[in-house]
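Read-outs throughout are calculated quantities, based only on the coordinates presented, and are distinct from any laboratory measurement. Here the structure is a predicted model, which means the values were calculated and not measured.
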Amino acid sequence: MAPDNKGYSLAVENRRSKEVKEKIYLKPMALYVPDIAVQAVTELVAGLSDSKESDKDFVLTVTNNNNGLSVDKDFDSIDELRDPLVVADAVKDLINIVRGYESDEETNVCGW
C-alpha cells in the first residue's frame with residue numbers, strides 16, 4: 001500500500017499581525033514555473049486581511065507535509081512579496097532546500 005501524498009504547503013505570514021495564509025500543493029513541482037509561483041504567492045498575500053504598505057516582517061514558508069521538513073525566508077516588506085522576480089526565485093530556492101534536506105537524510109552517513 002503506497003503512502004498518501006500530503007503534498008507541500010506554501011504559506012505567507014505577517015509576523016506583526018500573526019496572520020498566516022497557506023495553500024497545499026499535491027504537485028509542488030508546478031511551483032517551479034515562475035508564473036505559477038508568483039500567482040500562488042500573490043493569492044496568499046491578497047488573503048492577508050490587514051496587510052498595510054507600512055507593515056514589515058513577512059515570512060514565506062515551504063513545508064513538506066509528508067515528513068514535516070520546513071524552510072522559510074524573511075522579507076522586510078510586503079512589496080518584496082509582490083515582486084515577481086523575487087517571489088519566483090524565493091519559492092524555487094525554498095523548494096530546492098526542502099528537497100535537498102530530503103535527499104541528504106537518505107544518503108547522509110556521517111553528517112558532520
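A few remarks follow.
- Three-way shape label, the stretch 1-101, alpha-carbon gyration tensor, a/c 1.5: prolate
- Taking amide H positions as modeled 1.01 Å from N, with prolines and chain starts lacking one, the residues under 5 Å from ASN66 and 5 or more places away or on another chain are LYS6, GLY7.
- Applied to the stretch 26-34, the Karplus parametrisation 6.51 cos²θ - 1.76 cosθ + 1.60 on θ = phi - 60° returns per-residue 3J(HN,Hα) values of 6, 10, x, 4, 4, 6, 6, 6, x Hz, with x for Gly and Pro.
- Anisotropy class of the stretch 2-45 from Cα gyration tensor, a/c 1.5 cut: oblate
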